[in-house]
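Below you'll find the structure, written out as C-alpha cells, and then a few comments.
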Amino acid sequence: MSPQEKPKTKTKPGIDTSKVEKIIQNYIENNGNALTILQSVQESFGYLPFEVIEHISERIGIPLGKMYGIATFYAQFKFHRRGKYIIQICDGTACHVKGSMLLEEFITKELGIKPTETTSDNLFSLEKVACFGCCAIAPVVFINKDVYGNLTPAKLKKIFKKYRRMEATP
C-alpha cells in the first residue's frame, strides 16, 4: 500500500484519526519520519494508543512490529492515558535513602494509584524516574514542571490539596 492510499485500519471509538492523518501528511515526505510522527501524535493525544500505532504503521508502510519496536525503544513514549498532573517521583540513590519509598507508599494510599497508573478522574498519574539530579533536596517529586524537594508525606498531602483546589476553582 502506498503512503497516499487511505488506510483500512479500524480504530477504537474516540480515537480521532483525522488528527493522526494531519500529522502523517506533515511528515510523510521525510525519510526517517516514523519517530517524528510518533512524537507529534503523542504531543497531540498525550500518549500513544496502540490503535494509533497500528494506523500509522499501515499508513506509512512500516511493519507493525518495527513501528512498535521504535515506540518502545524510546522512554519518552507513553502507552497509557496520563492524568492532567504527572507526578514523577525520583527513585535515585539519594531520594531512596531519604524516603522516596515512603512517598510512593503515601501516594499509592492517598490517590489509589501505583507507578504507571492514573486516577479514575484522570487528574493524577504516577511515574518513577531513575534520577532528576536534585540530590541536595532529596526526596524529590516533580508534578508536571513544578519541583518539590525535601518532601515528607505531610508536605505532599498539602501539595495534593493545592492541585485539587486548583481544579475546583472555575
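The values are calculated or read from the model by the stated rules, or taken from the named source; none is laboratory data. Because the structure is a prediction, the values reported are computed rather than measured. Ideal geometry is used to build each Cβ from the backbone, glycine not excepted, and the neighbour counts take in all protein chains shown. The area values use the complete protein model at the heavy-atom level, side chains included, leaving out ligands, DNA and RNA. Shrake-Rupley method; radii C 1.70, N 1.55, O 1.52, S 1.80 Å.
See the values below:
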read-out: Where the chain is the region considered: accessible area per residue in Å², 1.4 Å probe; value: 58
read-out: Relative contact order %, the range 38-83, counting alpha carbon pairs below 8 Å whose residues are six or more apart; value: 50
read-out: Charge tally in the Cβ shell below 12 Å around R164, where Lys, Arg are +1 and Asp, Glu are -1, R164 excluded; value: +3
read-out: Entries of K66/K145; K128/K157; K128/K161; K66/K114; K19/K78 with Cα pairs more than 27 Å apart; value: K66/K145; K66/K114
read-out: Largest-first ordering by accessible area, 1.4 Å probe, given options R59, R165; value: R165, R59
read-out: Heavy-atom SASA rank of K19, K114 (probe 1.4 Å, accessible area, largest first); value: K114, K19
read-out: Average Cα contact separation per residue, the range 54-170, under 8 Å, 6 or more apart, as relative contact order %; value: 26
read-out: Apportionment of accessible area to carbon and sulfur, the chain, percent (1.4 Å); value: 54
read-out: Which of T118, T93 is most accessible, then next, and so on - probe 1.4 Å; value: T93, T118
read-out: Residue-span extension gain [A136 to K22] - 0.36 nm each, minus C-alpha spacing; value: 36.6 nm
read-out: Peptides 152-162, 137-147 ordered by average Cβ neighbours within 10 Å, highest first; value: 137-147, 152-162
read-out: Relative contact order computed over the range 112-170 (Cα-Cα under 8 Å; 6+ residues apart), in percent; value: 16
read-out: Charge context of G46, other residues only, Cβ under 10 angstrom, K/R +1, D/E -1; value: +3
